[in-house]
1. Starting from region 120-147, keep only residues that are more than 28 Å from Gly3 (Cβ to Cβ) and surrounded by 17 or more Cβ atoms within 10 Å (Cβ to Cβ), then list their pairs with residues that are of a type in the set (A, V, I, L, M, F, W, C) and at pLDDT 80 or above whose Cβ atoms are within a distance under 7 Å, requiring at least 6 positions of separation or different chains.
2. Looking at this structure, is Ser27 of a type in the set (S, T, N, Q) and under 20 Å from Tyr89 (Cα atoms)?
3. Check Gly75 against each of (1) over 30 Å from Phe16 (Cα atoms); (2) touching a residue at least 12 places away in the same chain (Cβ under 8 Å) and name the one condition it does not meet.
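The values are calculated or read from the model by the stated rules, or taken from the named source; none is laboratory data. Computed from a predicted structure; not experimentally measured. Here the Cβ positions follow ideal geometry from the backbone for every residue, glycine too, while neighbour counts run over all protein chains shown.
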Amino acid sequence: MPGKVFYATLVAGAVFIVIGAASSIYSGIPRDVSLDYVVGPGQIDIITPEMNEGGVADLTLSGSSYEVAITDPDGRDLLLERGNSTFNYELTAQRPGEYRFIVNNTGTADLVITGHAETKSSALGLTGALMLVVTGVIVLGLGLRFRKN
């Protein structure tokens, strides 16, 4: 009759596989993420949402003078703007990939960033999920070694 270690490793392996499979499915689905942040004077914030074609990002700045640069996944400049008051920009992704929002606080007061972006996990996030599946298979294999014949 198999012992406790056998059952514990089988359960642990199955849990790893289930969590890894769910995470790998979830990693490709865009989610709406808040961009709320405060950038201190003289500091820069770089926001890099991984967006699908048609995904939307909305960025609002207030509180200080600023410089904003937005580039598409191919590195082309979509926007470069400087200002001293409120800034609002809505981006609809024309192609899938990582967009870059570079926000530079050029003033002497805090710059408040608000907004949201539809983003999904990067390839690294998918790799982590698949590593959980592989770990689960290895733990299941080890568990089978603990089975008494």
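1. Every condition considered, the pairs that remain are Lys120/Ile29.
2. No.
3. Evaluating Gly75 over (1) over 30 Å from Phe16 (Cα atoms); (2) touching a residue at least 12 places away in the same chain (Cβ under 8 Å) leaves (2) as the failure.
This table checks each residue for (1) without any contact (Cβ under 8 Å) to a residue 40 or more places away in the chain; (2) farther than 30 Å from Met131 by Cβ; (3) surrounded by 14 or more Cβ atoms within 10 Å (Cβ to Cβ); (4) not charged (D, E, K, R).
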| position | (1), (2), (3), (4) |
| --- | --- |
| Ala21 | no, no, yes, yes |
| Ile25 | yes, no, no, yes |
| Asp32 | no, no, no, no |
| Ser64 | no, yes, yes, yes |
| Glu67 | yes, yes, yes, no |
| Asn84 | yes, yes, no, yes |
| Asn88 | yes, yes, no, yes |
